[in-house]
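Asker: Provided herewith is a single structure, encoded as structure tokens, for subsequent inquiry.
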Amino acid sequence: MASPMQATIEDFIKALRASEVRVSPAEASDAHRALLEIGYDDRTLLKDALCIALAKTEDEVERFDECFDAYFTRDEFRGKPAAQGQMSADEAAGAAELPLAELLLEGDQVSLAQMMEQAADRARATDVRLNTQRNLLSRRMLDEMGLRELEELIQRLREMGLPRDQDLADRLAERREALFVEAGKFVDRQMVLYASETGRRMREKLLGEQKLTSVEPEDMRQMEALVKRMAKRLATRYSRKRHRAARGKLDVRKTIRKSMPYGGVPFDIVWKTETIEKPKIVAICDVSRSVQAAAQFMLLFLYSLNEVVEKLEAFAFSDRLIRVGDILDEEQLDAAIAGIIKKIGFRPTDYGRALVDFTELHRDEIDRHTTIIILGDGRSNYANPRLDIMREIAHRSRAVIWLNPEPETYWGQGDSRMNDYARLCHVAKVCNTLNQLERIIEDVLRTYLPH
């Protein structure tokens, strides 16, 4: 069985992991050894030592600070005690068999806090994961403290009918209500430590499957944050791969030749160098009303991948096509999206005219390193779709990826020319959720990233 000191640091590490701070067994062992050396007396020293042992990045240090302050701060039983001083003989007799009742009547805040901590351990409070478990955990913890026995005692005292017993029952009932409040504070802290990240991940999972064209205004900020985290995850993964590839391979012949003046000792290592070519990505986004939300997240996602792509060009269109890269670079996201929509959005869509504009603006920049991603529903209001230009673009580029927010069963119906466009694309997929967007962009990077 772990000692109280060990149990405390183990629960703290559990809280860190719940906050997405990665802690390996070796790092946990280092934290235990540091704790044995310094103890809990100096809070600042303890925080610095554990931070050095457990947090590895700036983001993890920030999460560590928040978690440490929440874990090692106790707000329960910090108010004015409900009762102080010696109990009367009648009160002592009534509470003699129940420690909880005795502590409540004495107003012993310190002992009550210790009892609640011990009860929380027995109730496995650190296993809480969902907000719906709050009331259940609170009741289970209070039962471990002796709440059921306290309620039975209050009931017996009321049934006796004597005035002094009634008074004692009323006082215990009052202290019980105060205990409920303190237990609520304790459980709220457990929720922050062990369940907040779980709840956030569940909300993100639901948002990731939500249709981009039906995002509620109150979810917009959280969706944008989720997009940025997705992009950062992909950027980290592929930039790491690029860094390893940039080291090259040992050129054995040149290394041996260089070592001949030194008696064969390879002082000068020669590597086979190869040019690491980053992909060039062009985003062409339909910003008409039907796909506006999807286009917004598409632009945000691609611009968050600047560490991976060598050159990213963004265009937006309804009836005409314009460059929007400079707007997104110079303006805040909200202002940039609003500016693009005001400048080119909410107009009848003309894919043929947009393709003509694109070739006039960017044709000479398209080469075998260019991946073109088009986001749109392929509905051209019965105008000429200019399939000849689309065929030329596909021939000149590395790949053309078309992401359509409409279900595939809608392709080719009415004014949709999506089936015609799809035959000229390397990939044409339905994309109307963030999870689909992430998977498709990852496929693009994995498939079309030069190795």
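Asker: Got a sec? Which of ALA283, ALA235 is within 30 Å of LEU328 (Cβ to Cβ), surrounded by 12 or more Cβ atoms within 10 Å (Cβ to Cβ), of a type in the set (A, V, I, L, M) and modelled with pLDDT of 75 or more?
Answerer: Sole residue among the options that is within 30 Å of LEU328 (Cβ to Cβ), surrounded by 12 or more Cβ atoms within 10 Å (Cβ to Cβ), of a type in the set (A, V, I, L, M) and modelled with pLDDT of 75 or more: ALA283.
Asker: Another question about this same structure. For the range 66-77, enumerate the residues that are within 17 Å of ASP11 (Cα to Cα) and either among the acidic types (Asp, Glu) or open to solvent by 30 Å² or more (accessible area, probe 1.4 Å) (or both).
Answerer: GLU66, ASP69, PHE72, THR73, ARG74
Asker: Can you find a residue in the range 352-373 that is more than 38 Å from the chain's Cα centre (by Cα) and at positive phi?
Answerer: Scanning the range 352-373, I find no residue that is more than 38 Å from the chain's Cα centre (by Cα) and at positive phi, so the answer is no.
Asker: So, one more: Only residues that are assigned to a loop (DSSP other than H, G, I, E, B), buried (at least 17 other Cβ atoms within 10 Å of the Cβ) and under 14 Å from the mean Cα position of the chain (by Cα): list them for the range 14-29, please.
Answerer: Matches in the range 14-29: SER19, VAL21.
Asker: Just the residues that are open to solvent by less than 10 Å² (accessible area, probe 1.4 Å), at pLDDT 70 or above and either among the aliphatic types (A, V, I, L, M) or not in a loop (DSSP other than H, G, I, E, B) (or both), please, taken from the range 298-319.
Answerer: Correct list: ALA314, PHE315, ALA316, PHE317.
Asker: Name every residue in the range 342-359 that is within 17 Å of MET418 (Cα to Cα) and touching a strand residue (DSSP E or B) at 6+ places or on another chain (Cβ under 9 Å), in order of residue number.
Answerer: Within the range 342-359, THR349, ASP350, TYR351, ARG353, ALA354, LEU355 qualify.
Asker: Give just the number: which of (1) under 14 Å from ILE322 (Cβ atoms); (2) at pLDDT 85 or above does SER380 not satisfy?
Answerer: (1)
Asker: While we're here: Taking the condition at pLDDT 85 or above and charged (D, E, K, R), does GLU62 pass?
Answerer: yes
Asker: Restricting attention to the range 167-189, which residues are at pLDDT 85 or above and either touching a Lys or Arg at 6+ places or on another chain (Cβ under 7 Å) or aromatic (Phe, Trp, Tyr) (or both)?
Answerer: ALA169, PHE180 - these are the residues of the range 167-189 that are at pLDDT 85 or above and either touching a Lys or Arg at 6+ places or on another chain (Cβ under 7 Å) or aromatic (Phe, Trp, Tyr) (or both).
Asker: I'm checking my understanding of the structure. Among residues of the range 44-65 that are touching a residue at least 12 places away in the same chain (Cβ under 8 Å) and not in a helix (DSSP H, G or I), which one is surrounded by the fewest Cβ atoms within 10 Å (Cβ to Cβ)?
Answerer: LYS56
Asker: Would you point out the residue of the range 30-43, among those that are of a type outside the set (A, V, I, L, M) and under 13 Å from GLU10 (Cα atoms), that is most open to solvent (accessible area, probe 1.4 Å)?
Answerer: Per the criteria, the residue is ARG33.
The values are calculated or read from the model by the stated rules, or taken from the named source; none is laboratory data. Please read all numbers here as calculations on a predicted model, not as lab measurements. Every residue, glycine among them, receives a Cβ derived from its backbone with ideal geometry; neighbour counts consider all protein chains shown. The accessibility values were calculated without ligands, DNA or RNA, using every heavy atom of the protein model including side chains. Shrake-Rupley method; radii C 1.70, N 1.55, O 1.52, S 1.80 Å.
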